[in-house]
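One structure below.
The values are calculated or read from the model by the stated rules, or taken from the named source; none is laboratory data. Note that the coordinates shown come from a computational prediction; the quantities given were computed from them, not determined experimentally. Note that each Cβ is placed from the backbone with ideal geometry, even for glycine, and that neighbours are counted across all protein chains shown.
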Amino acid sequence: MLSFESDYVKSAVKEILERLMEHREEQMPGYGQDSCCEQAKEKIRAACQCPEAEIFFLTGGTQTNMVSIDALLKPYEGVVAAQTGHVSTHEAGAIEFHGHKVLELPEHEGKIHREDLQALLERFWQDVNYEHMVFPGMVYISHPTEYGTLYTREELEGLSKLCQSYGIPLYLDGARLGYGLMSKDTDVTLPVIARCCDAFYIGGTKVGALFGEALVFTKNNMPRHFLTIAKQHGALLAKGWLLGLQFDTLFTDDLYFAISRHAIEMAELLQRGLKEKGYTLYRESPTNQQFVLLENEKYEELKKEAAMGFWEKPDKEHTVVRLAVSWATKAEEVQAFLDLL
């Protein structure tokens with residue numbers, strides 16, 4: 001059966017599996033205090049052109065968002081996010097579970113606009129009753145967004161400047177960051193993200209690793225005793241070297257970017273094929289996620305041959321599905337899916 005359900009359905013790039021085998025007999029210190037993690041951190045700092053960056057490895061995206069947001073916020077603060085943001089819709093209330101409200105803004109192709117954020121912040125601080133309200137304590141964005149769209153450099157710089165003026169951090173969810181960086185329709189780079197964001201993470205789970213995310217604090221602003229905070233959340237991996245080794249591998253010889261570029265090529269192949277066959281793209285995405293509008297009958301037929309991600313129901317007759325390609329997708333798989341159409 002073909003699978004375009006998500007970008008984490010295959011294990012890992014062979015380079016990571018080979019290095020795991022090479023180190024299988026080696027004894028490493030626990031909790032990320034090992035040489036693999038240190039090497040990975042140095043390579044990530046270099047890639048970000050941010051020598052002062054502080055980096056912490058965690059195992060999954062929801063875990064990283066939850067620990068980071070809880071650590072960066074005060075007890076009376078909430079996080080601002082788009083209505084369609086991952087922390088708003090697809091993390092089972094993990095942020096609220098740890099005591100912080102998600103303050104939603106309208107979404108524009110999955111993104112938040114500077115003007116909407118400014119209006120929210122002005123409205124809050126102009127309200128004489130703000131001491132009785134949830135403070136907007138940080139801003140969450142993702143790149144790519146839930147709809148595979150991307151922030152421009154100008155948009156990131158605008159959000160960053162506004163957050164700085166209000167003294168709140170800008171945090172970027174990079175679960176699929178590699179695919180955003182390698183899109184042909186972007187002017188955003190890792191150094192741009194490091195300059196604009198106070199914290200962000202580089203996704204590994206969806207971009208070639210078995211599991212793992214690299215959380216980067218860019219302004220000498222890692223919360224004190226972050227290791228202890230992570231452990232309180234049950235997020236501290238004893239065999240932390242497994243995370244470090246994977247990111248050390250991904251950031252050697254630009255492997256992370258090469259495998260991400262391959263995914264973009266597969267997404268372009270898929271997008272061209274869908275258009276040639278007359279299908280309507282629900283939203284235009286320049287990244288590895290493609291959203292297509294299917295008649296319900298066609299959707300039920302395709303499900304027998306291919307796994308797809310259900311996204312939404314725009315009306316009674318149609319279903320929007322997400323087709324996700326990845327670092328591991330083959331051109332033959334894309335063509336086999338197109339043939340089913």
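Against the test of being closer than 30 Å to Val13 by Cα, free of Cβ contacts under 8 Å to residues at least 40 places away in the same chain and part of a strand (DSSP E or B), the options Phe291, Phe310 yield a single qualifying residue, Phe310. Filtering the range 60-89 to residues that are surrounded by fewer than 21 Cβ atoms within 10 Å (Cβ to Cβ), under 13 Å from the mean Cα position of the chain (by Cα) and of a type in the set (S, T, N, Q) leaves Thr62, Gln63. When the range 85-108 is filtered for residues that are modelled with pLDDT of 95 or more and either among the charged types (D, E, K, R) or in contact with a Gly (Cβ under 6 Å, 6 or more places away or on another chain) (or both), the ones remaining, listed by number, are Glu96, His100, Lys101, Leu103, Glu104, Glu107. In the range 35-75, which residues are without any contact (Cβ under 8 Å) to a residue 60 or more places away in the chain and under 20 Å from Val139 (Cβ atoms)? Passing the criteria: Thr62, Pro75. Anything in the range 212-247 that is at positive phi and either surrounded by fewer than 18 Cβ atoms within 10 Å (Cβ to Cβ) or at pLDDT below 95 (or both)? List them, or say none. Those that are at positive phi and either surrounded by fewer than 18 Cβ atoms within 10 Å (Cβ to Cβ) or at pLDDT below 95 (or both): Asn220, His225, Gly234.
Taken together, Gly244, Gly278 contain a single residue that is among the small types (Gly, Ala, Ser) and outside the structural domain of Phe57 (by TED's automatic domain parsing), which is Gly278.
Remark: pairs (first residue in the range 149-166, more than 10 Å from Arg114 (Cα to Cα); second residue of a type in the set (Gly, Ala, Ser); Cβ separation under 8 Å; 6+ apart in sequence or on different chains) = Thr149/Gly110; Thr149/Ser285; Leu150/Gly180; Leu150/Ser183.
Against the conditions (1) out of contact with any strand residue (DSSP E or B) (no Cβ under 7 Å at 6 or more places or on another chain); (2) under 16 Å from Thr287 (Cα atoms), Ala267 satisfies every one except (1). Highlighted here are the helices (runs of 4 or more DSSP H) found entirely within the range 39-150 that include at least 1 residues which are in contact with a strand residue (DSSP E or B) (Cβ under 8 Å, 6 or more places away or on another chain), assigned by TED's automatic domain parsing to the domain that holds Gln164 and aromatic (Phe, Trp, Tyr): 114-126.
Determine if the range 45-66 includes at least one residue that is basic (Lys, Arg) and under 24 Å from Trp327 (Cβ atoms). Break it down into steps so the answer makes sense when it comes.
Of the range 45-66, the ones basic (Lys, Arg) are 45.
With the extra rule that they be under 24 Å from Trp327 (Cβ atoms), the set shrinks to 45.
Yes: one or more hits.
For the range 271-284, the criterion of being surrounded by 15 or more Cβ atoms within 10 Å (Cβ to Cβ), part of a helix (DSSP H, G or I) and among the aliphatic types (A, V, I, L, M) is met by at least one residue. Just so you know, in the range 142-194 the residues that are among the basic types (Lys, Arg) and within 18 Å of Glu284 (Cα to Cα) include one that is modelled with the highest pLDDT, and it is Arg176.
Filter the range 18-53 for residues that are aliphatic (A, V, I, L, M) and either surrounded by 19 or more Cβ atoms within 10 Å (Cβ to Cβ) or out of contact with any Gly (no Cβ under 9 Å at 6 or more places or on another chain) (or both) and give the result.
Looking only at the range 18-53, we keep the residues that are aliphatic (A, V, I, L, M), and these are 20-21, 28, 40, 44, 46-47, 53.
Leu20, Met21, Ala40, Ile44, Ala46, Ala47, Ala53 - these are the residues of the range 18-53 that are aliphatic (A, V, I, L, M) and either surrounded by 19 or more Cβ atoms within 10 Å (Cβ to Cβ) or out of contact with any Gly (no Cβ under 9 Å at 6 or more places or on another chain) (or both).
Considering the range 173-193, the residues that are crowded, with 24+ Cβ neighbours inside 10 Å and among the aliphatic types (A, V, I, L, M) include one that is farthest from Pro223 (Cα to Cα), namely Leu181.
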